[in-house]
Every structure is written in structure tokens, then in C-alpha cells.
Amino acid sequence: MKKISVPGCFSSLETIREFFTHAARQAGLTENDIFELQVAVDEATANIIDHAYGGENKGEIDCCYEIIPDGLKIELRDHGIPFKPKEVKPPELLNHTLTGKEGGLGVFFIYQMMDDVCFSLNEDGGNLLSMIKRKEIAD
Amino acid sequence: MQTKVIPLKRCVLVEVSGRVDSDTAPQLREELNKITAGDNYKIVMDCNKLEFISSAGMWVLVNAQKRCKRFNRGELVLAEVPKRIFDILDLAGFDEVFKFFESTAEAVGNF
């Protein structure tokens, strides 16, 4: 398993994205899979900063991955407030234009883009998000 | 992310390139705010060089659309959206909120 820890700020998004993109290429994922993985990782990281830490530069984000036979397993850990988003339906954008209430789109994308998603509590506090992206099976 | 704003006769063309994520979405919001603050509500966003957009960027577009469509004074339309990006916008239900055009010329001609 390879690991990095980065500051919980939006400028870390690029470092995290590159870390997992490199891993995804090593794991043999297609460019399409890699794009989907990037979407999920970006949303997960933004959620940690916004919800677990409640803003930028409040703590670190630990990232690690493991190449598994049928794809890539990745983990994102934080040391912030526990939160456990549930699988959600796509938010009603039209409804938002009336109510002005944002949110839900990030979690929706995480579930849509990844094959396995598990939000749990970290043993030493904070949250652990484990996700698996499996290789596309050729027809 | 970079933006280039080109005022045209009937609308404003905004070329967006690179990645719009939580880090860069505030920049895009500021650019669109500047355009609407200048009473321009007919906007074409040329997404030909857009590489990525996260939900933070999508909410910027939804909010800009809300301002543009108020009092029927205009609309924000999207042109030349790369397929991968179109697919995730479609998944989120953007087809209900935005018109998509295959070419920027066609989108400009819409106004």
C-alpha cells in the first residue's frame, strides 16, 4: 500500500488526483475509468474539507491505495467530525433553482463512479472512505 | 482553469479551459458574476477545452443560470461539451436546466 498525507485544503486536490491517477494507470484502468475515479476522488476530498473539517487547513487528509487483481482500492482518511453520507438520488437541480439549496451532487457522483463505496469511522477518530474501481471487462 | 470572455453583439461568449474543481470554481463564479453584474444575461459557455468539472463547478453554473433566467431576461447555454463531461452532467440532470449545443456558432445563433 502506498500512502501520502496532504493538508486539507482545496489546493491539495491536484496532488491527490495525481497520486491516484498514477496508481490507476499502474492498475491498468482505462482512461474512462481514470476520469470517473478522478470525479469520485475530487468529490470525496471536497466533502472531507467542507464537512469533516468544516473548512480549509483544519487537518490532514491521508490517502492510500492498493492495486488489487481486478482494479484499484483506494482509501481517504481524515481526523475531523464523523459524517456518514448515505447513497443519494441525484439532487433536483430544477428544484434548486427555486429553493437555492445546494448539495448532494458530490455523494451521488461518488456512488455512481465507483464500484464499491464504504464510509466508516476511523479507529482513531475521523472518517475512513474506502472505494474500489474495477477494471472494465471487455465484451 | 482559465477563462476568456468575449462580448458579442447579442450575447457574451465565455471560453473555459482546464479543470473546474473546488479550488478553481470560485474563479469561475467571479467571472460569471462580473458578466451578469454588467447586465449581460445571455451567455454562451464554450466548453471545448474544459477538461473536468466537479459538483462545485456545476453549482456555479446552476446559480448563474438562475440569475440569467430571472425575469426571462436571458439564459446560460453550454456548447461543445466533451463527451465524458457531458455524460456526468447528464447523469446529474443538467439537461433539464441547460441547453446544450454541438457548436459554439450554433449556440451564439440561438440568441
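Any idea what diffusion coefficient segment A:1-63 gets from Stokes-Einstein, in µm²/s, Kirkwood Rh on alpha carbon pairs, 37 °C, 0.692 mPa s? Once the numbers are plugged in, D ends up at 274 µm²/s.
Across segment A:12-25, coupling constants 3J(HN,Hα) worked out from phi with the 6.51/-1.76/1.60 Karplus curve, θ = phi - 60°, read 7, 3, 5, 4, 5, 4, 5, 4, 6, 5, 4, 4, 5, 5 Hz, and Gly and Pro carry x. Using Cβ point charges alone (K and R +1, D and E -1), the dipole size of chain A about the Cα centre works out to roughly 160 debye. Mind checking the log10 I(q)/I(0) for the protein assembly as shown at q = 0.12 Å⁻¹? Debye, one equal scatterer per Cα, no solvent, two decimals. Cα-only, vacuum Debye calculation for the protein assembly as shown: -0.71. Geometric descriptor of segment B:36-95, per residue, is 84 Å³ (volume of the convex hull of the Cα atoms). In sequence order, segment B:80-95 has phi-based couplings of 6, 6, x, 4, 4, 6, 4, 4, 6, 5, 5, 4, 7, x, 5, 5 Hz under the Karplus curve 6.51 cos²θ - 1.76 cosθ + 1.60, θ = phi - 60°, and Gly or Pro positions carry x. DSSP bridge analysis restricted to chain B gives an antiparallel fraction near 30%, rounded to the nearest 5.
To the nearest whole percent, what portion of all C-alpha pairs in chain B is separated by more than 20 angstrom?
The share of Cα pairs beyond 20 Å in chain B comes to 31 percent.
For chain A, the convex hull drawn through the C-alpha positions has a volume of 119 cubic angstrom per residue. Along the axis of the charge dipole computed for the protein assembly as shown (Cβ charges of +1 for Lys and Arg, -1 for Asp and Glu, origin at the Cα centre), the listed residues B:Val60, A:Phe35, A:Leu129 are led at the positive end by B:Val60.
We did not get these values from a lab; they are worked out from the coordinates using the rules stated. Just so it is clear, the model here is predicted, and its values are computed rather than measured. Counting neighbours? That spans all protein chains shown, and the Cβs are built from the backbone with ideal geometry, glycine included.
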